[in-house]
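So the structure is just underneath, and the comments pick up after that.
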Amino acid sequence: MTNFHSRSLLCRSNPSNSRSFFTKEVREKVGTGLEVWRGLFQSVRPTIGKLIVNVDIATAVMYSSGSLLDLVKEFLGVSNVRDISPNSPALNRMNAQRLKKFLRGLRVRTTTPFRDPPSWKRIFDIVLTGADDYTFDLNTTGENISITNYYKRTHRYSVQCGKAICISLGKAGVVPLEVLEVKEGQFFKKSLHPTAAARALKFATQRPQERTKIIEKSRAILGYADSDFMRQSGFIIDHQLMSVGGRVLPVPQIRWGGNARAEVPRGGAWNVVGKTFYRPARVKAWAVVIFDHGARTTANDVRGFIHNFVQACRQLGMSEVHLPDIDLQNAGNKAIDTFGSSFAPEETPIPSFLLIILPDSAIDIKTAVKHWGDCRFGIPTQCIKVGKIARANNQYHNNLALKLNVKLRGINSIPANNAHIMALLAKEPTMIIGADVSHPSPGSDRPSVAGLVSSVDENFAMYEASTGIQESRLEFIEDIDGMIEKAVRGFFLYWKKRNAPCLPKRIIFFRDGISEGQFSNIGEQEINKIKSKEKRFEGQPPKLTYIVVVKKHHVRFFPNSPRDADKSGNCPPGMIIDSEIVNPVDYDFFLQSHSGILGTSRPSHYTVLQDNNGFGPDNLQGISYLLCHVYARSTRSVSIPAPVYYADIVCARGRFHSKLIHDGEDSAGSTVTGDGVTLEDHKRAFRNISENMRDSMYFM
C-alpha cells in the first residue's frame, strides 16, 4: 500500500506526480518562464509492528501559465517583440535550439474567438518565420495565403506581431505566437538555469520550525479523518508527529600535518586556519591562463589574486608553490589545441597544474580545458570564474588550496589513528568504494555516465577513479567488473610503490542512486558481478560489504526541544535512527552526519544488502560516519560518505571526456547535439583519462 484513496480527489484537481500534489496558492516566479509551486508528499511505509504515514513538503517547477508570447520573452530575457523575430540576435542558432527544447511538448491553446472552446494541443516545434511571411495553400481553393491574412479573413483577427516566430502544433498546423496561451500547472522536468535553480532552492528551503508547522497544518488539507475509505478500512492515523528514539555517535578526530594535536570537530566543522596539510603536494612549476574575453578585471586584480593564493598555499604547507612569471596576455578565442602546444615538453617543463581563469559563463571553454587536461595531456587544471578574482577572500583561497592539494596527490587531513573505527579497519587491507550513475535530463537520449572511486591508502583519503558511458538511463553499472579490476590493480600498485604489495582483503562498497524497488534487481546483479570478479583474484578473494546510500527521500527528523538542536535548529550531526521507523525486513538505518546550514537537514538512508565482513550495525554506522569526515573539499562533515560524493563528481566530470556529450551545451544544461548519434558513436568519442592522471584525484 503506497498511497491513500483520500488523495485521489486532490490529485484530480491539482497537478500531481506519483506521491505528491501541488497547489497554486503558494508559488513564486524564478525566471526563464518558470515558477515553483509548493505541495505535499505522502506515502505509507511498513515498519516494525505498524504502518507509518510519511508526510512532507514537496516542491515542483512549473511553466508559467498565460500568454505564450510573454513566456518566450521571459525565457530569452528580452522585452521587445522585435527580439523574437527570426533574424534577431536573441534568436541565434543556439538560442533557437534551446527555445525549441524548452517549448516542445508544452500544452497550449489558441485564444482567438472560435465558436467552440479550442482543445489543448502540444507544441511540436518552433517555426523561424513570422506570420506575415509564412504562407500555405488553402485546401478549398488552393490559394497561397499568409498566416496573417488567413487570420484576418477567417477569424477577423489582426495579427499584431507578424514578424515574430510562429509555433507548429503538428497536425493542428502553424499558428502565430501571440494567439497561444499556456495551460496552468505543467511540470518542467529539464535542467534549470543556475539563476532559476538558486531561486527555486531558496523557495524550497524552510527552517525546521517552519517545516514542522506546515506539515502539522497539512492534516486539514489531506483530510484523513473525513475519508470514508479510511473509516471503512479501519485505519486510524495519529494527529501528532511520531516521536522516535535516537543516539549521537562519537565524533571522529581530525589530524593535520606537523606536530598539531588531533582536532575534535565542533558542530560538524573544523578550522584550517593555523594548520598545515597532513601531506602537502609538491609543485615543480605552474602557469596561469586567462580566457576572459570581457576584461572584467585589471592586471593588478589578477596579480593580487595570485599572490594571495600562493600565500594561502604556503601557509598550509605547500612551500614549493612559487609565484609564476605572469604574462597577462588574454588567451581570448585561441583554440585549446594551440594553447596546449605551449606546454609541449620540448619547449618548457610540464607544469604541475594550470590555473584557468574563465568568463562567468563559459561551459564550452571549460569543457575543452577539462578534456584537454584530463584526457590528452594529463595536466591537472583548476578553473575559477573571473567574477571571483576581485572579491576573493582568505577562505576562498584556502578552499582552492584544499582542492589543489589533493589533485596533486597530497592529503589534506586524516581521521585520527586512535579512533576505534580506524583500528578496526586497520586489521586487514581494506578498500572503500563509492559508485554512482548519472543520467541525462528528461527528454534527452544522451548516454548515462557511470563512475566509481576506490581508496588506496590506509587513511581512506586518497582515491582513484573510473568512468564509462552506457545506455541512457541504465542504472545498473554495466562495466562494474572492469571497474573493480582497475580499482584492485590501483590498490596493489599503490602499496607496491611502498614496498608492501598487497591486495585488499575487504571491500566496503557504497552505492548511490538505487531506489528501494531496485534492491532485489540492480543491487543483487552488481553484487553477483563483483563476486564473479573476486573469484579470479589470486589467493583468498576479498569479502564484500555492499551498502546503498539514498539521499533523495522525504524522511525528516526534528529535535524534541531546543536544547537537543544545533545552532540551525536541526538535530545534531552524528544522529543515528535505527529502530521504530526502519524496514521490518531489510537492515537499514538513518544517519544525519552533517550540521544544518540552510533549511531542514535531510538524513541519509543506508541499507545494507550484504555484509560478508561481519562488521555489524554499530561498526557500519561508525564507518559511514567517519567517512563523512574525509571529504577533501570541505572542513565540515558532509551528508553522505566522501567516496559517494566523489563518485557523483566523477560522473559529472565524465561528461567532459566526450565532445559528443557536451558540444553545444549551454549554461542551463540543455544539449543541442543533433539526432542520429548512436551509443557506439558516443563510446568511440569517449576518452579515458591520461595515464598521468590515473593515480590522482583529478576530479576534485
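Just so it is clear, none of the values below were taken in a lab; they were calculated from the coordinates. Everything numeric here is computed off the predicted structure, so don't read it as measured data. Note: ideal-geometry Cβ built from the backbone for every residue, glycine included; neighbour counts use all protein chains shown.
Things worth noting here:
- When every Cα-Cα distance of region 171-282 is counted in 5 angstrom steps from zero, the calculated P(r) takes the values 2, 6, 8, 8, 8, 9, 11, 12, 9, 7, 6, 5, 5, 3, 1, 0 percent.
- Whole-number percent relative contact order across region 66-182, with pairs defined as alpha carbons under 8 Å at least 6 apart: 32
- Mean sequence separation of contacting Cα pairs (under 8 Å, at least six apart), scaled by the length of the chain, corresponds to a relative contact order of 14 percent.
- If the segment from Ser515 to Asp132 were pulled out straight at 0.36 nm per residue, it would be longer than the present Cα-Cα gap by 132.6 nm.
- Note on Arg563 and Lys388: the model spin-label points, each 7 Å out from Cα along the C-beta direction, lie 4.3 nm apart.
- Dipole check for the chain: with +1 at the C-beta of Lys and Arg, -1 at the C-beta of Asp and Glu, and the Cα centre as origin, the magnitude is about 940 Debye.
- With Cα atoms, 0 to 90° folded angle of helix 524-534 axis to the chain main axis: 40
- Taking 0.36 nm per residue of sequence separation and removing the Cα-Cα distance, the Asn87/Asn308 pair yields an extension gain of 74.9 nm.
- Using alpha carbons only, the radius of gyration of region 66-182 set against its Kirkwood radius gives Rg/Rh = 0.95.
- Each of His594, His420, His397 was scored by other Cβ atoms within 10 Å of its Cβ. Arranged with the fewest first, they read His420, His397, His594.
- Linear extension gain, Gln160 paired with Met242, 0.36 nm per residue minus alpha-carbon span: 23.6 nm
- Helical contribution to [θ] at 222 nm, DSSP H n ≥ 4, -39,500 (n - 2.57), averaged over the chain, rounded to 500: -7500 deg cm²/dmol
- Relative to the dominant Cα principal axis of the chain, helix 208-222 is inclined by about 50°.
- For the pair Asn144 and Glu691, a Förster radius of 56 Å applied to the C-beta separation gives a FRET efficiency near 0.30, rounded to the nearest 0.05.
- FRET efficiency, 1/(1 + (r/R0)^6) with R0 25 Å, evaluated for Arg104 and Arg153 via beta carbons: 0.25
- Separation of the Glu580 and Lys29 label points, Cα + 7 Å toward Cβ, nm: 4.5
- Cα centroid separation, region 380-436 to region 482-503 (Å): 21
- Nitroxide proxy distance, nm - points 7 Å out along Cα→Cβ at Lys552 and Thr212: 2.9
- Positive dipole terminus of the chain, leading residue within Leu355, Ala220, Cys383 (C-beta point charges): Ala220
- Förster radius 25 Å - calculated FRET efficiency between Leu493 and Arg282, Cβ distance, rounded to 0.05: 0.80
- C-alpha long axis of helix 299-315 to longest principal axis of the chain, angle in °: 40
- Distance between the C-alpha centres of region 53-98 and region 222-241: 42 Å, rounded to the whole angstrom.
- Cross-link pairs Lys284/Lys505; Lys121/Lys189; Lys217/Lys567 - those with Cα-Cα distance over 27 Å: Lys284/Lys505
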